[in-house]
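Student: Mind having a look at this structure? Questions to follow.
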Amino acid sequence: MSFINYASREINLKIVYYGPGLCGKTTNLQYIYQRTAPDAKGKMISLATETERTLFFDFLPLSLGEIKGFKTRFHLYTVPGQVFYDASRKLILKGVDGVVFVADSQAERLDANVESLENLQDNLEEYGYKLEKLPYVIQYNKRDLPNVSSMDELSKLLNPRGVPEFSACAPKGEGVFDTLKAVAKQMLVNLKKSGH
Amino acid sequence: MFEAQSSLVLHDEEFSSIASVIEKLLQESNSKAIFLVDKDGQLISSVGETGDLDTTSLASLTAGNIAATGGLAKLIGEKEFSILFHEGEKDNLHLSLIASRVILVVIFDNRSSLGLVRLRVKKWGEELERIFCTLEKKARQNSDSPKSFFAEITDEDIDNLFK
């Protein structure tokens, strides 16, 4: 749910990075954090376990600049990917304006991707949202690893609707900003259509 | 099944009435700082000693806290827990839900007390609830108005953001 503040001339939008455990959601945010100018970002918060697995969420506020005199602020969240954290994962989706699904390209994680995508749809439906109606992009991460499924195979399985999709290697930053830009753009176009 | 909520749109008029209510609450409760945060983690307004605080993080963590506690409430068959209190060595946090939509965060130290804060939050919380209910009504009435500011955004404006 976007928040438009005419008094301080700000648009606030929420992006959630979703995907199976260890697919690289937090790494996406860490790369964005490292590569963004200090005045355009806030503090990155990670609520993680001692072994650096996301426990509740990571949070990164970003300012992209102005549009018609309004500051555009994006709040980036990741969910905990591990299956048993479903209750927490569902909470993060509340009020989401755009979704990035980060898939793990490794062949042995194919089932985990499908399961996570189904879980995303189920959890969105509980809030009365539909993935088809939300700004949504897919990122195929870990393309640098040797045992990956082909892009065609992943696309066929995870992206039957043909939403924008990107190959990525998050620790090196490949595809990270392209993914973010694509979803942010869809969100602004959506805002324009909804016309506040 | 949860209900999908519409966007929160705040104009100058409501913004200043909200700011004046939380300013009065700050004075009457003798607290250090007060924040009003959207349940989705976006900061709406703040007053008091906010200078040293990372307000964006505070807003997001508050919303996470309320969301987690709300999840716990549902597990034991409650609709929600409308008040949370965190006690520190010097500073304390009092969180309360307003109109099931926004979170009122009061930070106070030993110049005030939990009793006083609760009493004043109850009084001014009702005032805030009125403002947010009016806001929601207004949003529903305007939802189908064809002319709007954001409709005037061009594709070029959007592209320019990403240059």
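Student: For region B:149-158, check the following and say yes or no: at least one residue is away from every other protein chain (no Cβ under 14 Å) and outside any strand (DSSP E or B).
Tutor: no
Student: How many residues are under 20 Å from B:ASN110 (Cα atoms) and of a type in the set (Lys, Arg) if we restrict to region B:10-57?
Tutor: Number of matching residues: 2.
Student: Still on this model: Select, from A:ILE45, A:ILE67, A:ILE4, the only residue that is facing another protein chain (nearest Cβ under 8 Å), over 28 Å from A:GLU132 (Cα atoms) and either touching a Cys at 6+ places or on another chain (Cβ under 9 Å) or surrounded by 19 or more Cβ atoms within 10 Å (Cβ to Cβ) (or both).
Tutor: Result of the check over A:ILE45, A:ILE67, A:ILE4: A:ILE45.
Student: Just for region A:75-88: of the residues that are within 11 Å of another protein chain (Cβ to nearest Cβ) and crowded, with 17+ Cβ neighbours inside 10 Å, which one is nearest to A:LEU55 (Cα to Cα)?
Tutor: The extreme case among them is A:SER88.
Student: All but one of (1) touching a residue at least 24 places away in the same chain (Cβ under 8 Å); (2) within 21 Å of B:LYS39 (Cα to Cα); (3) not acidic (Asp, Glu) hold for A:PHE101, so report the exception by its number.
Tutor: The failed condition is (2).
Student: For region A:14-85, give me every one of the strands (runs of 3 or more DSSP E) that falls completely inside it and has 1 or more residues that are of a type in the set (Ser, Thr, Tyr) and in contact with a helix residue (DSSP H, G or I) (Cβ under 6 Å, 6 or more places away or on another chain).
Tutor: A:54-67, A:70-78
Student: For region B:121-148, which residues satisfy the criterion of being exposed (fewer than 15 other Cβ atoms within 10 Å of the Cβ), farther than 13 Å from B:VAL9 by Cα and modelled with pLDDT of 80 or more?
Tutor: B:LYS122, B:LYS123, B:GLU126, B:ARG130 - these are the residues of region B:121-148 that are exposed (fewer than 15 other Cβ atoms within 10 Å of the Cβ), farther than 13 Å from B:VAL9 by Cα and modelled with pLDDT of 80 or more.
Student: Can you name every residue in region B:29-68 that is of a type in the set (Gly, Ala, Ser) and free of Cβ contacts under 8 Å to residues at least 60 places away in the same chain?
Tutor: B:GLY41, B:SER45, B:SER46, B:GLY48, B:GLY51, B:SER57, B:ALA59, B:SER60, B:ALA63, B:GLY64, B:ALA67, B:ALA68
Student: Given the criteria surrounded by 20 or more Cβ atoms within 10 Å (Cβ to Cβ), within 26 Å of B:LYS138 (Cα to Cα), within 14 Å of chain A (Cβ to nearest Cβ) and at pLDDT 95 or above, does B:LEU8 qualify?
Tutor: no
Student: Output the number of residues of region B:89-106 satisfying the condition of being out of contact with any Asp or Glu (no Cβ under 9 Å at 6 or more places or on another chain) and either surrounded by fewer than 21 Cβ atoms within 10 Å (Cβ to Cβ) or at positive phi (or both).
Tutor: 1
Student: Also, I was wondering about something else. Could you please let me know if A:LEU124 is over 15 Å from the mean Cα position of the chain (by Cα), within 14 Å of another protein chain (Cβ to nearest Cβ) and buried (at least 17 other Cβ atoms within 10 Å of the Cβ)?
Tutor: Criteria not met by A:LEU124.
Student: Suppose the filter is within 17 Å of the chain's Cα centre (by Cα) and more than 14 Å from every other protein chain (Cβ to nearest Cβ); does A:THR26 pass it?
Tutor: yes
Let's see how each residue does on (1) in contact with a His (Cβ under 7 Å, 6 or more places away or on another chain); (2) of a type in the set (S, T, N, Q); (3) touching a residue at least 12 places away in the same chain (Cβ under 8 Å):
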position: A:ASN12; (1), (2), (3): yes, yes, yes
position: A:TYR18; (1), (2), (3): no, no, yes
position: A:GLY24; (1), (2), (3): no, no, yes
position: A:TYR31; (1), (2), (3): no, no, yes
position: A:LYS68; (1), (2), (3): no, no, no
position: A:LYS71; (1), (2), (3): no, no, yes
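Student: Select from region A:52-79 the residues that are in contact with a Phe, Trp or Tyr (Cβ under 7 Å, 6 or more places away or on another chain) and of a type in the set (Ser, Thr, Tyr) and write down the one among them that is nearest to A:ARG9 (Cα to Cα).
Tutor: Taking the candidates together, the pick is A:TYR77.
Student: Sort through B:SER57, B:SER17, B:SER82 and tell me the only one that's touching a helix residue (DSSP H, G or I) at 6+ places or on another chain (Cβ under 8 Å) and surrounded by fewer than 20 Cβ atoms within 10 Å (Cβ to Cβ).
Tutor: Answer to the selection: B:SER17.
Student: Shifting gears a bit: What's the total number of residues in region A:147-196 that are on the phi < 0 side of the Ramachandran plot and within 12 Å of another protein chain (Cβ to nearest Cβ)?
Tutor: Result for region A:147-196: 18.
The values are calculated or read from the model by the stated rules, or taken from the named source; none is laboratory data. Please read these numbers as outputs of a predicted model, since none were measured by experiment. Here Cβ is always computed from backbone atoms with ideal geometry, including for glycine, and neighbour counts include all displayed protein chains.
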